[in-house]
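In what follows, a structure is listed as structure tokens, so that the remarks can point back to it.
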Amino acid sequence: MRDIGIGLIGSGYIGKTHAIAYAAHNAVFGGPARPVCRALAEIDQQKADQEATSLGFKRGTGNWRDLLDADDIDVIAIATPNALHKEMAIAAIQAGKHVYIEKPLALDATEAEAIINAYEAQTTNTNPLVHMLGYNYLCNPMISVAKTMIDSGELGEIVHFRGRHNEDYMASPDVPFSWRCSRTAAGTGALGDMGSHIIGMAMHLAGPASSLSGDTTTVIQRRKDHTGTMRTVENDDQAQALVRFESGAMGILETSRIALGKKQGLAFEIVGTKGSIEFDQERMNELRLYEANAPIGRAGFKTLLVDSSCPDFGAFCPAPGHGLGYNDLKIIEVNRLMKAIVAGAPVPVDLYQARDIERIIDTWITSAEQRTWLNLD
Ligand SMILES: NC(=O)c1ccc[n+]([C@@H]2O[C@H](COP(=O)([O-])OP(=O)(O)OC[C@H]3O[C@@H](n4cnc5c(N)ncnc54)[C@H](O)[C@@H]3O)[C@@H](O)[C@H]2O)c1
């Protein structure tokens, strides 16, 4: 069993999910590698010490750069606001560390390219650096089933992908202005935060996009910050796009952070020439399937429930239908990271695929500004 030392930067919403996943990984998946929580970096020493203790890290530091030359750290995991990803990722790569970076990779595709340039300058055949993004929804066993159905041709030719990632966490005007509302700290709004997830899902299942026509709006234009000062919201509350995939398939993508009633509304419908599938992350242990060749009188969507025939599920539980939850997706993602480090296995989303997601977001924004269809390079 090889120990893989983890240095985590940021212990907010997703940082905690990382900590849970590192701690649980070995009980769920076992060897040949196990993540070991060595250091947690936060904004100051006091917060770092507190969070390191509660999240199970050996030590805390108020300076993330301390992780760079620590010999016991193999992976630097970046779970901080988006604007910090580029500087932290480049420094980690230049220090020879594997990187596990939360989505979105960066503020835009130009920043993403800078991270890739640093990676290409540093990685070598004898000492390859692993790079993985936190697109955890792709790790759902039911998404693996959907991918197998598509890749095997079971659904025929894919002709349409309709996807959304809508939530309502900022639907109330009383939700305060946070880093997520700032163009400098977050880049785009709903688009980078959740749109990146549905774009990643679309690319994973329907392949690369070739062109799009996007639109965005900011519905709640001013919010109070934590001091009570009214601030202008600088990015989108909701966004939608018509998409054409390289395969010729058509698509519709949408995202919103003000979609009242949607709590984890990442969902899609995929239409093929032999069958269709539907998925909703709020019912994440199910996949709905319609088969065109069903006998007359027996056609209709049926609901497949997760069981040990679905990749990764059996590692958690032998009993069918005993579902997984959101945090379990991170445990599966961490297992992908371990396999990539010890065996060179592919990861769900690497720097290059994450850069392509940034290109789609940039093109979506430009298309919305120009009110026109644009090709993706
Ligand atoms: N994969 C997912 O499902 C998912 C879900 C939520 C967030 N995210 C991503 O994770 C990242 C963080 O989001 P969040 O919701 O956890 O934010 P958050 O605001 O809850 O947490 C961010 C943490 O980073 C810390 N931090 C800020 N500056 C720092 C610095 N210089 N050094 C060390 N720590 C610093 C903050 O103190 C805070 O604890 C974002 O990029 C976001 O898009 C991904």
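Nothing in this text is a laboratory measurement; each read-out follows from the coordinates by a stated rule. The model shown is predicted, which means the values in this text are computed figures rather than measured ones. Using ideal geometry, Cβ is built from the backbone for each residue, glycine included, and neighbour counts are taken over all protein chains shown.
Remark: the Cα gyration tensor places region 25-103 in the oblate category, a/c being 1.5 or greater and a/b not exceeding b/c. Assuming charge only on the beta carbon of Lys and Arg (+1) and of Asp and Glu (-1), the dipole of region 139-370 about its Cα centre is about 240 debye to the nearest 20.
Can you tell me which of 209-215, 173-179 comes out highest on packing, and rank the rest after it, using the mean Cβ neighbours within 10 Å? Numbers along the way, then the final one.
Numbers: 209-215: 19.6, 173-179: 14.3.
The peptides rank, most packed first, as 209-215, 173-179.
When the chain is modelled as a GNM with alpha-carbon springs shorter than 10 Å, which of T148, T229, T217 fluctuates the most? Highest fluctuation among the options: T229. Is the chain best put as rounded, prolate or oblate by its Cα gyration tensor, with a ≥ b ≥ c the root eigenvalues, rounded for a/c under 1.5, and otherwise prolate when a/b is larger than b/c, oblate when not? Oblate.
Taking amide H as placed 1.01 Å from N in the peptide plane, A41 has its amide H under 5 Å from the amide H of L8, I9, G10, T61, each at least 5 places away in sequence or on another chain.
Among Q94, Q238, Q281, the largest mean-square fluctuation in a Gaussian network model of the chain (Cα springs under 10 Å) belongs to Q94.
What does the highest-first list of 162-168, 131-137 look like by mean Cβ count within 10 Å? Mind showing how you got there, number by number?
Details: 162-168: 21.6, 131-137: 25.0.
In decreasing order of mean packing, 162-168, 131-137 become 131-137, 162-168.
If we count other beta carbons within 10 Å of each Cβ, what is the order of E269, E254, fewest first?
Working: E269 17, E254 20.
So the ranking, lowest neighbour count to highest, is E269, E254.
Between I101 and I78, M132, L133, G134, the built amide H atoms are under 5 Å apart, and every one of these is 5 or more places off in sequence or on another chain. Using 0.36 nm per residue and subtracting the Cα-Cα separation, the extra length available between N125 and D69 on full extension is 18.0 nm. For V219, the residues whose modelled amide H falls within less than 5 Å of its own, excluding neighbours fewer than 5 places apart on the same chain, are D237, Q238.
Measure up K103/K339; K58/K330; K147/K274; K103/K147; K16/K47; K16/K103 against 18 Å on the Cα-Cα distance and list the ones that go over.
Details: K103/K339 20 Å; K58/K330 21 Å; K147/K274 15 Å; K103/K147 21 Å; K16/K47 14 Å; K16/K103 15 Å.
The pairs that break the limit, which is 18 Å between Cα atoms, are K103/K339; K58/K330; K103/K147.
On full extension, the segment bounded by A95 and K147 gains 15.2 nm, given 0.36 nm per residue less the C-alpha separation.
The phi torsions of region 62-73, fed into the Karplus equation with coefficients 6.51, -1.76 and 1.60 and a -60° offset, translate into couplings of x, 10, 4, 5, 4, 6, 5, 9, 7, 5, 8, 10 Hz, rounded to whole numbers, with Gly and Pro shown as x. Computed 3J(HN,Hα) for region 29-39, one whole-Hz value per residue from the Karplus formula 6.51 cos²θ - 1.76 cosθ + 1.60 where θ = phi - 60°, is 10, x, x, x, 9, 10, x, 10, 6, 9, 9, glycine and proline marked x. Computed from backbone phi, the HN-Hα couplings of region 232-244 come to 7, 6, 9, 9, 6, 8, 8, 8, 9, 8, 8, 10, 10 Hz, rounded to whole numbers (Karplus: 6.51 cos²θ - 1.76 cosθ + 1.60, θ = phi - 60°; Gly and Pro given as x).
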